[in-house]
């Protein structure tokens, strides 16, 4: 089994790998240090206070938020496809989990993860700094870092061909 964590899912994948030692681990658009951009905290607190998470998907707002995360050359079609396939949660508990669990996450004991790991990141990621991803890769005992140019926070949607090549090579080389 290969565990894959994207964005906030990185922390879940890292903790799972510490506990259960999968055959491989892939981390995309995430890291284990300095995760929350300054603009995100007030945004999510506002969403909670105004109960915006209850509003049916607002394409204009979501496209604006995506512009912070994605490379500017990403086609609108890919942005809309990604937003459609990754809907925003409509339960307060999901948003509160983000605030409680992920904003304070700083990984300890990453050296305990003893499986091959691919850390994949885009330099245009406006959500998680590329330095956080590199630092995470450096702390893992068996990792490889992949930077996909002209990519932001969602390389699997922005550059799927390149992303899939990295995954295929990782599986071929390690599993």
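The values are calculated or read from the model by the stated rules, or taken from the named source; none is laboratory data. Remember, predicted model here, so these are calculated numbers, not experimental data. Here the Cβ positions follow ideal geometry from the backbone for every residue, glycine too, while neighbour counts run over all protein chains shown.
Quick notes on this one:
- Of all residues in the stretch 123-138, exactly one satisfies the criterion of being touching a helix residue (DSSP H, G or I) at 6+ places or on another chain (Cβ under 8 Å) and surrounded by fewer than 18 Cβ atoms within 10 Å (Cβ to Cβ), namely 123.
- Condition check for residue 147 on (1) farther than 18 Å from residue 8 by Cα; (2) surrounded by 17 or more Cβ atoms within 10 Å (Cβ to Cβ); (3) in contact with a strand residue (DSSP E or B) (Cβ under 8 Å, 6 or more places away or on another chain): one failure, at (2).
- First in the stretch 26-41 and on the phi > 0 side of the Ramachandran plot, second anywhere and buried (at least 17 other Cβ atoms within 10 Å of the Cβ) and at pLDDT below 90, Cβ under 8 Å, 6 or more apart: 29/7; 29/127; 29/128; 34/129
- Residue match in the stretch 163-170 (condition: touching a helix residue (DSSP H, G or I) at 6+ places or on another chain (Cβ under 9 Å) and part of a loop (DSSP other than H, G, I, E, B)): no
- Candidate set: the stretch 7-21, residues that are buried (at least 20 other Cβ atoms within 10 Å of the Cβ) and either assigned to a strand (DSSP E or B) or touching a strand residue (DSSP E or B) at 6+ places or on another chain (Cβ under 6 Å) (or both); chosen: the one modelled with the lowest pLDDT: 10
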